[in-house]
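**Q** Encoded as structure tokens, here's the structure I'll be asking about.
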Amino acid sequence: MNRQAWTARPDEILRAAAGFRLDDVDAGATPGFHGDKVDGKKQLAARSRVLGDLQERLYAGTRTGDATDAVLLVLQAMDTAGKGGIVRHVVGGVDPQGVELAAFKAPTPEELSHDFLWRIEKRLPQPGFIGVFDRSHYEDVLIARVHGLADDVEIERRYDAIRAFEHRIAESGIRIVKVMLHISRDEQKERLMERLDRPDKHWKYSPGDVDERLRWDDYMAAYQTALERTSSADAPWHVVPANHKWYARLAVQELLISALEDIDPQWPEADFDVAAEKKRLAAS
């Protein structure tokens with residue numbers, strides 16, 4: 001990590017540890033980063049090369065070696081918080097052939113006929129890949145709770161099922177990076193208004209966005225409970241202040257780098273005689 005830019009590790013200071021309160025998070029803050037937007041953009045570009053190198057090692061190790069590791073980035077947030085920007089500016093900086101993106105929408109009739117984790121299991125990243133969930137299984141304890149789509153007993157069952165599920169996949173070699181992008185209510189209002197002011201962004205707007213805003217407090221309560229019930233040693237939550245898009249992207253980038261550095265992927269050794277191949281190539 002560039003210590004001139006960060007005063008503390010994002011994977012430590014942004015973690016939702018015991019006693020965490022979402023109400024205490026300043027969505028407009030930039031914790032741990034010493035610099036402004038210009039510095040942040042420079043850091044993002046510089047660290048993109050580091051992330052790309054680690055991702056390529058991860059991918060190479062499973063293509064020609066026997067490595068089994070993968071990374072799963074789970075992105076949860078209120079509308080306009082910047083999930084798409086994370087995908088484009090952070091994950092988009094690595095080799096796309098080693099990335100698997102899943103954007104979970106409302107479940108289909110077939111998906112509803114199964115347990116809520118059925119469709120999630122099918123989209124887990126294979127070894128060597130970075131998987132990205134744009135929304136995830138957490139919709140089933142957030143929207144389901146706020147809109148009363150499941151009763152309290154079922155919601156409680158789902159918290160336990162999620163913890164067991166994430167423990168199992170972590171044991172299988174998938175490093176889980178769970179991120180809540182946290183914006184303020186006022187910031188969301190500004191971003192929604194921008195979508196209405198700009199014809200090129202009308203496609204991003206839905207009248208239902210305002211309906212969901214009216215449930216803001218209910219969503220914050222649902223997030224608080226989900227963070228408390230499902231942040232674990234296997235899959236801790238990280239709450240990233242997201243009023244400043246540049247900071248949110250930078251923080252998520254560092255969380256991914258930390259996860260990959262912990263895996264420490266290595267270039268696989270050649271399964272052929274390099275010297276002999278050099279001779280053959282030179283003579284060809």
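The values are calculated or read from the model by the stated rules, or taken from the named source; none is laboratory data. Quantities reported herein were computed from a predicted structural model and do not represent experimental measurements. Methodologically, a virtual Cβ is constructed for each residue, glycine included, from the backbone with ideal geometry; neighbour enumeration extends over all protein chains shown. Each accessible area value is taken on the protein alone, full model and side chains, heavy atoms only, with ligands, DNA and RNA left out. Shrake-Rupley method; radii C 1.70, N 1.55, O 1.52, S 1.80 Å.
**Q** Would you mind stating whether Thr68 is of a type in the set (Val, Ile, Thr) and open to solvent by 40 Å² or more (accessible area, probe 1.4 Å)?
**A** Details: of a type in the set (Val, Ile, Thr): yes; open to solvent by 40 Å² or more (accessible area, probe 1.4 Å): yes.
Judged against the criteria, Thr68 is a match.
**Q** Being within 20 Å of Ile174 (Cβ to Cβ), open to solvent by less than 40 Å² (accessible area, probe 1.4 Å) and touching a helix residue (DSSP H, G or I) at 6+ places or on another chain (Cβ under 6 Å) is the requirement here; does Val74 meet it?
**A** On the way: within 20 Å of Ile174 (Cβ to Cβ): yes; open to solvent by less than 40 Å² (accessible area, probe 1.4 Å): yes; touching a helix residue (DSSP H, G or I) at 6+ places or on another chain (Cβ under 6 Å): no.
So Val74 does not fit the description; no.
**Q** Taking Ala60 as meeting all but one of (1) surrounded by 16 or more Cβ atoms within 10 Å (Cβ to Cβ); (2) touching a residue at least 40 places away in the same chain (Cβ under 8 Å); (3) farther than 30 Å from Ala270 by Cα; (4) touching a Phe, Trp or Tyr at 6+ places or on another chain (Cβ under 7 Å), write down the number of the exception.
**A** Unmet for Ala60, out of (1) surrounded by 16 or more Cβ atoms within 10 Å (Cβ to Cβ); (2) touching a residue at least 40 places away in the same chain (Cβ under 8 Å); (3) farther than 30 Å from Ala270 by Cα; (4) touching a Phe, Trp or Tyr at 6+ places or on another chain (Cβ under 7 Å): (3).
**Q** Quick check on my filter: what residues within the range 1-57 are of a type in the set (A, V, I, L, M), outside any helix (DSSP H, G or I) and within 26 Å of Ala221 (Cβ to Cβ)? Even if it seems obvious, please write down each step before you answer.
**A** The first filter runs over the range 1-57 and keeps only residues of a type in the set (A, V, I, L, M), leaving 1, 5, 8, 13-14, 16-18, 22, 25, 27, 29, 38, 44-46, 50-51, 54.
Now drop any that are not outside any helix (DSSP H, G or I), which leaves 1, 5, 8, 14, 16-18, 25, 27, 29.
Once the filter is applied, which keeps residues that are of a type in the set (A, V, I, L, M), outside any helix (DSSP H, G or I) and within 26 Å of Ala221 (Cβ to Cβ), the range 1-57 yields Leu14, Ala16, Ala17, Ala18, Val25, Ala27, Ala29.
**Q** Which ones in the range 26-49 are aliphatic (A, V, I, L, M), surrounded by fewer than 18 Cβ atoms within 10 Å (Cβ to Cβ) and touching a residue at least 12 places away in the same chain (Cβ under 8 Å)? Full working, then the answer.
**A** At the first step, the residues of the range 26-49 found to be aliphatic (A, V, I, L, M) are 27, 29, 38, 44-46.
Filter again for surrounded by fewer than 18 Cβ atoms within 10 Å (Cβ to Cβ), leaving 29, 38, 45-46.
Residues satisfying the conditions are Ala29, Ala46.
**Q** Have a look at Phe116, Phe129 and point out the one that is out of contact with any Lys or Arg (no Cβ under 6 Å at 6 or more places or on another chain), farther than 23 Å from Ala259 by Cβ, crowded, with 17+ Cβ neighbours inside 10 Å and aromatic (Phe, Trp, Tyr). Don't jump to the end; show me each part of the working.
**A** Numbers: Phe129 fails: farther than 23 Å from Ala259 by Cβ.
Answer to the check: Phe116.
**Q** Which residue, of Ser206, Ser231, Ser284, is modelled with pLDDT of 95 or more, of a type in the set (Ser, Thr, Tyr) and on the phi < 0 side of the Ramachandran plot?
**A** Working: Ser206 fails: modelled with pLDDT of 95 or more; Ser284 fails: modelled with pLDDT of 95 or more.
Exactly one of Ser206, Ser231, Ser284 is modelled with pLDDT of 95 or more, of a type in the set (Ser, Thr, Tyr) and on the phi < 0 side of the Ramachandran plot, namely Ser231.
**Q** Go through the range 58-71 and count every residue that is farther than 22 Å from Val91 by Cβ and in a helix (DSSP H, G or I).
**A** So the first thing to find is which residues in the range 58-71 are farther than 22 Å from Val91 by Cβ, and the list is 64-66.
Retained after the next criterion (residues that are in a helix (DSSP H, G or I)): 64.
Adding up the residues that qualify gives 1.
**Q** Could you list, in sequence order, all residues of the range 1-25 that are open to solvent by less than 30 Å² (accessible area, probe 1.4 Å) and of a type in the set (A, V, I, L, M, F, W, C)? Break it down stepwise before answering.
**A** The first filter runs over the range 1-25 and keeps only residues open to solvent by less than 30 Å² (accessible area, probe 1.4 Å), leaving 5-6, 8, 10-11, 14, 16, 22.
Once the filter is applied, which keeps residues that are open to solvent by less than 30 Å² (accessible area, probe 1.4 Å) and of a type in the set (A, V, I, L, M, F, W, C), the range 1-25 yields Ala5, Trp6, Ala8, Leu14, Ala16, Leu22.
**Q** Next up: Out of all the residues in the range 81-101, which are crowded, with 18+ Cβ neighbours inside 10 Å and part of a strand (DSSP E or B)?
**A** Result: Val99, single match.
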